[in-house]
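Structure, as structure tokens:
The values are calculated or read from the model by the stated rules, or taken from the named source; none is laboratory data. These figures come from a predicted structure and were not determined experimentally. Please note: Cβ atoms are built from the backbone with ideal geometry, for glycine as well, and neighbour counts cover all protein chains shown. Heavy atoms of the whole protein, side chains included, go into the accessibility calculation; ligands, DNA and RNA do not. Shrake-Rupley method; radii C 1.70, N 1.55, O 1.52, S 1.80 Å.
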Amino acid sequence: MLKQMPPEESRTRSRTRRAILDAAVTVFSEDRSAPLSQVADAAQVARSTLQRYFADRAALLAALSAYASEQIDEATRQARTDEGPPLDALRRLIHELFDLGDIVMLVSPGWEDEQDGDTESATDVALHALLARGRAEKALDDRLTDTWIVQVLWVTLYTAWTYVRDHGATKHDSLAACLTTLTKAVRAE
């Protein structure tokens with residue numbers, strides 16, 4: 001007979017795991033080559049505790065990739081992309097995704113390629129449905145493919161994130177520029 005973990009222990013493990021992942025985002029965003037001991041310090045856990053959750057750097061990075069996907073899917077759910085006019089829904093999605101800059105930029109080189117092969121993420125499904133609805137309602141330029149619009153979305157977000165980090169722009173101004181650029185680029189003429 002298998003013993004179940006007491007609920008409090010499960011919640012504690014979940015909080016500790018999340019603290020380690022959040023600390024890894026912070027530390028690796030500053031220095032991708034930072035030692036795991038620095039991640040442990042930032043998470044306020046012992047190095048041995050970090051290693052119980054993530055045996056090595058590769059395991060931590062794989063978990064960060066999955067964590068990024070979860071965060072992106074949650075942001076997409078929060079954006080309610082199936083509600084209201086398509087361009088308004090797209091703007092809500094951009095708002096939600098903008099706050100994920102550090103984690104997405106950290107895992108972005110190839111993170112989408114590490115997804116489960118043929119399985120579309122919740123974000124992929126919602127975004128394709130939004131784009132189809134946008135075309136049906138004549139809100140989006142029908143000359144642009146879904147692939148093009150999705151790539152423009154990620155590139156524009158990346159530009160907004162780096163504009164804050166590298167050029168000292170405020171998050172507010174960078175997000176406003178991102179929203180303007182993307183919506184003007186994809187809306188129907």
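Put a dot 7 Å past the Cα of Asp142, heading toward its Cβ, do the same for Arg80, and the two dots end up 2.9 nm apart.
In this structure, the amide hydrogen of Arg187, modeled 1.01 Å from its nitrogen in the peptide plane, lies closer than 5 angstrom to those of Asp141, counting only residues at least 5 positions away or on a different chain.
Tally up the carbon and sulfur contribution to the accessible surface of the range 32-177 as a whole percent, 1.4 Å probe, everything protein left in place. Spell out each step's value before the answer.
Numbers: 4140 of 8060 Å².
The value for the range 32-177 is 51 percent carbon and sulfur by accessible area.
Surface analysis of the chain yields an accessible area of 60 Å² per residue, using protein heavy atoms and a 1.4 Å probe. Taking the 0 to 90 degree range and rounding to the nearest ten, how far is the long axis of helix 86-98 tilted relative to the main principal axis of the chain, both from C-alpha atoms? Long axis of 86-98 versus the principal axis of the chain: about 30 degrees.
Here the Karplus relation 6.51 cos²θ - 1.76 cosθ + 1.60, evaluated at θ = phi - 60°, turns the backbone of the range 71-82 into coupling constants of 5, 5, 5, 5, 4, 5, 4, 5, 6, 6, 5, 8 Hz, with x for every Gly and Pro. Could you give me D for the chain, from Stokes-Einstein at 20 °C and 1.002 mPa s, where the hydrodynamic radius is the Kirkwood radius over C-alpha pairs? Units µm² s⁻¹, please. Result for D is 117 µm²/s.
Helix 122-136 axis versus longest C-alpha principal axis of the chain: approximately 10°, rounded to the nearest ten.
Helix content alone sets the calculated 222 nm mean residue ellipticity of the chain: runs of n ≥ 4 DSSP H residues at -39500 (n - 2.57) each, divided across all residues, give -23500 deg cm²/dmol.
Have a look at Thr12, Thr123, Thr81 and tell me which one the Gaussian network model of the chain (Cα, springs below 10 Å) gives the largest fluctuation. Result for the chain, Cα springs under 10 Å: Thr12 fluctuates most.
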